[in-house]
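Here's the structure we're looking at; comments come further down.
The values are calculated or read from the model by the stated rules, or taken from the named source; none is laboratory data. This is a predicted model, so every value here is computed, not measured. Don't worry about glycine lacking a Cβ; one is built from the backbone with ideal geometry, like all the others, and counts go over all protein chains shown.
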Amino acid sequence: MAQYVTDFMRYAAPTTTDEAVELLQSDPDARVFAGATDLIPQIRAGRPEPSLLVDLKRIERLVAVSHNNGTWTVGAATPTSALTANPEFSAAFPGLSEASGLIGSDQIQNRSSWGGNLCNASPAADSVPALVVNDARAVIAGASGERTADVADIVTGPGETSLNDGEFIIEFLLDDPPAGSSDAYLRLIPRTEMDIAVVGAAVQLSMDGDSVASAKVALGAVAPTVVRVPDAEAALVGSTLDDDALAAAAAAASAACNPIDDKRGTIQYRRQVAGVLTKRAVQIAAQRAKGAN
Amino acid sequence: MTVTENPRTYKYVGTRPVRHDGLDKVTGKARFAADLDMTGQLRAALVRSPHAHARIVSIDTSKAEAMPGVKAVVTGADFADLDPTHPEFDMAVNLMARDEALYNGHVVAAVAAVTAAQAAAAAAAVEVDYEPLPAVLTIDEAIAEGAPIANPTNRTLFSGDTEPSNLASVNEFGRGDVEAGFEAADIILEREFRTVAVHQGYIEPHACVADCGQDGKATIWASSQGHFAVRSKTAAALGWSTDRIKVIPAEIGGGFGGKTTIYLEPVAVLLSQKAARPVKLVMSREEVLRATGPAPATKITAKMGATNDGEITTLQSTMYFDNGSTKGFSALTGAMSVASYKLPNLELHAIGTVTNTARSAAYRAPSAPQAAFAVETLIDELAQQLGVDPIDLRLQNAVVEGDVTAMSMPHPKIGFVETLEAIKNSDHYNSPVPQGAGRGVATGFWFNIGEQSSATVNLNEDGTATVVTGSPDIGGSRASMALMAAEELGLAVDRITPIVADTESVGFTDITEGSRATFATGMAVVNACRELIEQLKQRAATIKSVDVEQVEWVDGAAVIEGQDPLTIPEITAMAKNTGGPLTATASLNAAGAGPSFAVHVADVAVDEETGETTILRYTAAQDAGTAIHPSYVEGQIQGGSVQGIGWALNEEYIYDSDGVMENASFLDYRMPVASDLPMIDAIIVEVPNPSHPYGVRGVGETGIVPPIPTLANAIAAATGVRMTALPMSPPRLLAAITESAGS
């Protein structure tokens, strides 16, 4: 039974990544947080309290957004509202911007971040499929310095990541989308907001005239981690997005699902809707990509 | 929007002043029970059963008692030993288990400590030795041959049986001859309907503070729908006399029937008595969902016959309502709510069941929405098959004054026909159905009740007034009381202060339930005002040295021919010299609560690839008798509609196979959010209730009755698929659409 239980946790707000790394080395029970929009409800629901909470939002690099030499650099603790409100970013990555704008409520959006959304490692995280189809990379800080990894390789299972003890994400890197390309993200929830994806589908397409030059499809909430769907991508590439290609992509998406039956959705429903959302997201991304030509 | 002409016009009744308690509520200053903190106060935590059904072999509290900060621990052994025939037995055992834990989440012990964290830690250290027993989780399991007994103290109500049973109640009633009715019918429809448990979903979790003194008396601050009932139920659970308990009402953050019973107060009182300190006990949302108030799950079969010219000849229905862990009346009220159509031949079997799930509680027009789902779906299909307008079919069969209810009681003056016509004439119903959408209509009925109320009206020395009642204000009733007092006294509504007084400061008043506060407590206020006017006339006569017969009361002043009128401030200024303060009290057991009917229409679009339903437009008409404060009448109509919409589309208790609720949070118990809904257009119909001085009918409950069948009928119109099980959530609707396409 949930009780709101708290002893005194320690709280630290370092202003450099080095300080943060040091703090994490000092205490094996320490946890970093950005917006804490997952952490606080988890503690209130009875999860064990960390002995030390390290607030990453005071480190400048973690809340900075820049665009230089064809690459976007987005601090891992940047509030998602700062991205959805950024017209240049939202024009470059409309699907990723939409996905980022679906996390929680307006108030939550002022706290929630890609870093938190990714490292909470929920299979249903909205920003992750959209980050994956855009080939996002994560710059990771740790005791042995900085390293870079693909976002697709960070989450290894529900609540599990490939980050080593004491590591945290500093920022994300995204290359400018090539000309004639765009993205889209759709999710299904039984309500219109304030809910968790039953299925999420992200698509990134590059168009060559009316035919598809390249395609990336990733699904959320239908497997222990976000899944790329190479069969759907193959069905789309070279096609003009005719009904057969769309149906093949939808079927491939449904087939790629490895979902569970739970209080949020059934296996059959998730499979069926994954195909539907994939097809619809492909159509939206294609429209946008043609507009970007 | 009000459509019908009320034959009388008023100066204050029917206006929309800002509610007296509004500013405090929107600024956060209003004090709810969980906001209260007492000097020296302890925090309490509850120990709950992890089993759906288990014998409690022993409870060892010694470790918990030795933990830091712990001041008191109580278990079932500390509570009064009530006889199972005592009317409060089930309530008392529900708030603290005795021999058996009857559902997952049933409280088995409680701890009070200096901090909430210490209390929670100590609660976790209470050692309970359980012997798990077979659990019964559903209606089908409860009624199965050879089913284990869910609650050994249960005896079936109305049956005379003396053996334990999983049946909570059994009733049969009707009229005419259903077989003859079916023979006379040209069309016969029969379906089985299922609904699952849903919660009232009030924002404020249950909370109280109790302070037991050295004199053996306790003061309780509690959020409830009726603090006199908190007093009597607490007294019963403790075996105390009521004079030992004073209950001070805190503001209430929603109840919808779920706060007509109690869960916490006797526990907090006993802990306070043991610790000799005030004790605060506040539920978490998870506790609220797991262990309070679901409305019953149901299984209803209904068979209806009609002639080709649209006369509904017969209804035969068997209604199972699951009460959860104890007996109750949910099946009875469900069957009784079948009261909207003439139905010359009627046969109803109402059967309540007992299962090892949380004890159900009242929820806004209790049991009527589930019954309406069945009846209003069949009528819709009938209209479809006959090719007639669904409102015309209902008008043809609608009850009018003198027609009888399911219980064969004649209806008093009612406004069902007027409410049907209000929708038939509405802009919504006369607009084309949007392309690809479906339109559904359905109706609802609720009895409403009177019960006992008291009111005192005090005139202050400057001529302002205080209206004192004992009805907690859960829907704007303070404003309604002030408006009726204003109308009677001829005093501006902002010169009247309506308050809700504690159990020692106002006469006994029953719970705010059955949509009764504005009707019954309002009538007590009116009677007190009328008594006060007689006093004012007497004082005016004294001041002017005339006979009281020469004094008329007109527009808030005493009028004597040939003299200047005497206003209330002029009379109260001289009160000391004319007999002392002016005050009047009235109490009553109100009769003649007028039933209220509602008719709803909805346009929905269904995404046939995902099963998502979008409500494009929704209009709700309801007979309010007379709308004392139209904004709050509209609020009740809209609120009831929204709760019904949530019930129809997404809300559900999801239990695992061990009887554990899997979705005990507002994230996964999916009530509608604002963006899920269109504006609910409310149409107030006014067919005054002749049994109330202003014609009031209760309006709080009926609005929740029509939405389920309204949406089911709209979905059928949009997709061709008849949904007979709730919720009509995207996965269920998509499965039904897929199945229908395959067949």
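For the reader, a short list of remarks on this structure follows.
- Residue that is under 30 Å from A:N69 (Cβ atoms) and either outside the structural domain of A:L96 (by TED's automatic domain parsing) or buried (at least 18 other Cβ atoms within 10 Å of the Cβ) (or both), where the choices are A:G209, A:G238, A:G220: A:G209
- Every residue from segment B:635-661 that is more than 14 Å from chain A (Cβ to nearest Cβ) and not in a helix (DSSP H, G or I): B:D658, B:G659
- Residues of segment B:662-676 that turn out to be closer than 17 Å to B:T357 by Cα and at the interface with another protein chain (Cβ under 7 Å from one of its Cβ atoms), as a count: 2
- For segment B:690-705, the condition holds for no residue, the condition being that it is in contact (Cβ under 8 Å) with a residue 24 or more places away in the chain, of a type in the set (S, T, N, Q), over 30 Å from B:A486 (Cα atoms) and assigned to a loop (DSSP other than H, G, I, E, B).
Yes/no matrix, rows are residues, columns are (1) crowded, with 23+ Cβ neighbours inside 10 Å; (2) among the aromatic types (F, W, Y); (3) assigned to a strand (DSSP E or B); (4) within 14 Å of chain A (Cβ to nearest Cβ):
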{"site": "B:G594", "(1), (2), (3), (4)": "yes, no, no, no"}
{"site": "B:F597", "(1), (2), (3), (4)": "yes, yes, yes, no"}
{"site": "B:D603", "(1), (2), (3), (4)": "yes, no, yes, no"}
{"site": "B:T614", "(1), (2), (3), (4)": "no, no, yes, yes"}
{"site": "B:R617", "(1), (2), (3), (4)": "no, no, yes, no"}
{"site": "B:G625", "(1), (2), (3), (4)": "yes, no, no, no"}
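- Test: residue in segment B:126-136 that is within 14 Å of another protein chain (Cβ to nearest Cβ) and crowded, with 21+ Cβ neighbours inside 10 Å: yes
- Complete set of residues in segment A:84-103 that are assigned to a helix (DSSP H, G or I) and not small (G, A, S): A:T84, A:P87, A:E88, A:F89, A:P94, A:L96, A:E98
- Search result, residues across segment B:94-120 that are at the interface with chain A (Cβ under 10 Å from one of its Cβ atoms) and more than 28 Å from the chain's Cα centre (by Cα): B:T115, B:A116, B:A117, B:Q118, B:A119, B:A120
- Any hit, segment B:561-572, residues being out of contact with any Lys or Arg (no Cβ under 6 Å at 6 or more places or on another chain), buried (at least 19 other Cβ atoms within 10 Å of the Cβ) and either among the acidic types (D, E) or closer than 30 Å to B:S477 by Cα (or both): yes
- Some residue of segment A:43-54 being more than 23 Å from A:A138 (Cβ to Cβ), out of contact with any helix residue (DSSP H, G or I) (no Cβ under 6 Å at 6 or more places or on another chain) and either assigned to a helix (DSSP H, G or I) or assigned by TED's automatic domain parsing to the domain that holds A:D126 (or both): yes
- Any hit, segment B:421-430, residues being under 26 Å from the mean Cα position of the chain (by Cα) and either surrounded by fewer than 20 Cβ atoms within 10 Å (Cβ to Cβ) or touching a residue at least 60 places away in the same chain (Cβ under 8 Å) (or both): yes
- Scanning segment B:55-85 for residues that are surrounded by 14 or more Cβ atoms within 10 Å (Cβ to Cβ) and part of a loop (DSSP other than H, G, I, E, B) turns up B:T61, B:M67, B:G69, B:F79, B:A80, B:L82.
- In segment B:145-186, of all residues being among the hydrophobic types (A, V, I, L, M, F, W, C) and farther than 16 Å from B:P344 by Cα, the one that is farthest from the chain's Cα centre (by Cα) corresponds to B:A147.
- Selection of segment A:55-83 for residues being touching a Ser or Thr at 6+ places or on another chain (Cβ under 8 Å) and in a loop (DSSP other than H, G, I, E, B) yields A:I59, A:A64, A:A76, A:A77, A:T78, A:P79.
- Summed over segment B:628-682, the residues that are under 23 Å from B:G514 (Cα atoms) and in contact with a Lys or Arg (Cβ under 7 Å, 6 or more places away or on another chain) give a count of 5.
- Matching residues, segment B:185-242, being more than 23 Å from B:G76 (Cβ to Cβ) and without any contact (Cβ under 8 Å) to a residue 12 or more places away in the chain: B:G213, B:D215
- Qualifying residue in segment A:28-35 (condition: within 14 Å of chain B (Cβ to nearest Cβ) and touching a Lys or Arg at 6+ places or on another chain (Cβ under 7 Å)): no
- Whichever residue in segment B:267-296 is aliphatic (A, V, I, L, M) and assigned to a loop (DSSP other than H, G, I, E, B) and, among such residues, is surrounded by the fewest Cβ atoms within 10 Å (Cβ to Cβ): B:A276
- Test result for B:L566, in contact with a Ser or Thr (Cβ under 7 Å, 6 or more places away or on another chain) and either farther than 29 Å from B:S426 by Cα or without any contact (Cβ under 8 Å) to a residue 12 or more places away in the chain (or both): no
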